[in-house]
Amino acid sequence: MVNVIGLGYIGLPTALMLASHGVEVVGTDYNKELVDTLNAGHTTFKEKGLDELFDAAVNAGITFTTQYMVTDTYIVSVPTPYDKFSKKVDAKYVVAAVKDVLAVCPEGATLVIESTVSPGTIEKFVRPVLAKGVKIVHAPERIIPGNMVYELLHNNRTIGADDRATGEAVKKIYSSFCEGEIVVTDIKTAEMTKVVENTYRAVNIAFANELAKICRHDGMDVYEIIKICNMHPRVNILQPGPGVGGHCISVDPWFLVGDYPSLAKVIDEAMRTNDAMPDFVLNRIYEIMKEKGMTDITRVGLYGLTYKENVDDMRESPTLQLLESQERHLATGLKVYDPFITADVVANQYHNLDEFLNAVDMVVVMVKHNEIKENAEKLAGKVVLDCHNIIDQPGVYHI
Ligand SMILES: NC(=O)c1ccc[n+]([C@@H]2O[C@H](COP(=O)([O-])OP(=O)(O)OC[C@H]3O[C@@H](n4cnc5c(N)ncnc54)[C@H](O)[C@@H]3O)[C@@H](O)[C@H]2O)c1
């Protein structure tokens, strides 16, 4: 039996996937409310295909609890934030979960850490607390919110272990559902590959954002330029945007800056470039309002609160960063709407697209949800700052 510890965005789909492919699974989370919701037959976040997967897993016998199980295999998927001052990974949740497991697990159990950690974290923070001959493995997760179910099935995976036999045994568990290639390597390599993958994307996005600023300064169309450059067989530039959010690309590269401050110069600069984008958008709003003779900030609305399109995850989102920046400038009044956020989470928030659009003269497209693409005609007559180049209308402003 596999005991999955931490039933958030990563742990829950992983547990469900294993259970629906014939593995006996118990899901554990110390958040009682979350466990009660799952036991009442409801999923805890919106994700394409998750409800169907949940039903299949429940039919296959998965159970949810706040207790840690006595079993031979554990998969730990708890948060790994970074310390805002030192930029280093904060491993306290991982270490706490490992200690909780050690309190109940039998001799020789296998403990798989799925949480993203910087290279050396397991050696530094986890190995010193290990006991009972527990085997430690790192199996970082790569799935993207919005396409998690498909990617769990099809992505290639990495497993880092101290010895081949342990790695192969864990590979067998993931092979129950994973149709991608599973590479077995050592733990530090597995730790580093995960962080490097997200860093590669963060640096590429920062490059696109920098190009957007250069093009804005000198009257060039960054989208046309990136489109043409990407027709080169060895060039693949990502798109600029209003900032980077979520718990991967906006977090993991900082681990390398924190651990290797005198070496990770490009990464440091890239992260600062991405983090400055919400302020850049705020400044664009100011410039456009001035150009249009607009003076009332309450007639400006931000479309989208989540960190990416078609998901309900708001963590570290550019819109939240922009609202914080507004506050830091001692200003208030920007209106906000997101079809995926039903709870009231910020001031001046709307829950209906038409009501939101009626209340504003200028719309800033912060997130490219399908909803706004499908209702683009409703933006006619508005001043539009399109941060994703998705609104094909005359007079639309870009970052
Ligand atoms: N969200 C993503 O898109 C994504 C993608 C790839 C990797 N990751 C990595 O996966 C890890 C988990 O991220 P997430 O987004 O699922 O986090 P999350 O916050 O959604 O979920 C973590 C869960 O762990 C629970 N938890 C924490 N400590 C616990 C403990 N000691 N015992 C039992 N439960 C505990 C929390 O209550 C929470 O429900 C992180 O390291 C993250 O960097 C996330």
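The values are calculated or read from the model by the stated rules, or taken from the named source; none is laboratory data. In this text the structure is predicted, and so the values were computed from the model without any measurement. Quick reminder, even Gly has a Cβ in these numbers, built from the backbone with ideal geometry, and neighbours come from all protein chains shown. The area values use the complete protein model at the heavy-atom level, side chains included, leaving out ligands, DNA and RNA. Shrake-Rupley method; radii C 1.70, N 1.55, O 1.52, S 1.80 Å.
Within the range 15-34, the residues that satisfy the criterion of being of a type outside the set (Asp, Glu), surrounded by 16 or more Cβ atoms within 10 Å (Cβ to Cβ) and near the ligand (Cβ under 9 Å from one of its atoms) are THR28, TYR30, LEU34. Taking each residue of the range 127-148 that is open to solvent by 10 Å² or more (accessible area, probe 1.4 Å) and looking for partners that are of a type in the set (Gly, Ala, Ser) and more than 15 Å from the ligand (Cβ to nearest atom) with beta-carbon atoms closer than 6 Å, six or more apart or interchain, yields GLY133/GLY108; VAL134/ALA109. Condition check for ASN198 on (1) open to solvent by 10 Å² or more (accessible area, probe 1.4 Å); (2) part of a helix (DSSP H, G or I); (3) away from the ligand (no atom under 15 Å from the Cβ): one failure, at (3).
Can you report the number of residues in the range 104-118 which are assigned to a loop (DSSP other than H, G, I, E, B), touching a residue at least 60 places away in the same chain (Cβ under 8 Å) and open to solvent by 10 Å² or more (accessible area, probe 1.4 Å)? Outline the logic, then answer.
So in the range 104-118, the residues assigned to a loop (DSSP other than H, G, I, E, B) come out as 104-109, 114-118.
Now restrict to residues that are touching a residue at least 60 places away in the same chain (Cβ under 8 Å): 114-118.
Now restrict to residues that are open to solvent by 10 Å² or more (accessible area, probe 1.4 Å): 116.
Total meeting the criteria: 1.
Taking (1) on the phi < 0 side of the Ramachandran plot; (2) within 13 Å of the ligand (Cβ to nearest atom); (3) of a type outside the set (Asp, Glu) in turn, PRO106 satisfies each apart from (2). Looking only at the range 35-48, residues that are within 14 Å of the ligand (Cβ to nearest atom), in contact (Cβ under 8 Å) with a residue 12 or more places away in the chain and open to solvent by 10 Å² or more (accessible area, probe 1.4 Å) come to 6 in all. Among the residues of the range 1-14, those that are more than 8 Å from the ligand (Cβ to nearest atom) and assigned to a helix (DSSP H, G or I) comprise PRO13, THR14.
Do you know which of the residues in the range 149-174 that are within 12 Å of the ligand (Cβ to nearest atom) and part of a helix (DSSP H, G or I) is least open to solvent (accessible area, probe 1.4 Å)? Applying the filter and picking the extreme gives LEU152.
The criterion of being outside the structural domain of HIS388 (by TED's automatic domain parsing), in a helix (DSSP H, G or I) and of a type in the set (Phe, Trp, Tyr) holds for PHE207. Checking each residue in the range 72-103 for being open to solvent by 50 Å² or more (accessible area, probe 1.4 Å), within 24 Å of ILE173 (Cα to Cα) and more than 9 Å from the ligand (Cβ to nearest atom) picks out ASP72, ALA103.
PHE54 fulfils the conditions (1) in contact (Cβ under 8 Å) with a residue 60 or more places away in the chain; (2) surrounded by 16 or more Cβ atoms within 10 Å (Cβ to Cβ) except for a single criterion, (1). For the residues SER175, SER115, the requirement of being under 23 Å from VAL311 (Cα atoms), touching a strand residue (DSSP E or B) at 6+ places or on another chain (Cβ under 8 Å) and modelled with pLDDT of 95 or more singles out SER115.
In the set LEU320, LEU330, which member is of a type in the set (A, V, I, L, M, F, W, C) and either within 29 Å of ASN147 (Cα to Cα) or open to solvent by less than 50 Å² (accessible area, probe 1.4 Å) (or both)?
Within the list LEU320, LEU330, the selection yields LEU320.
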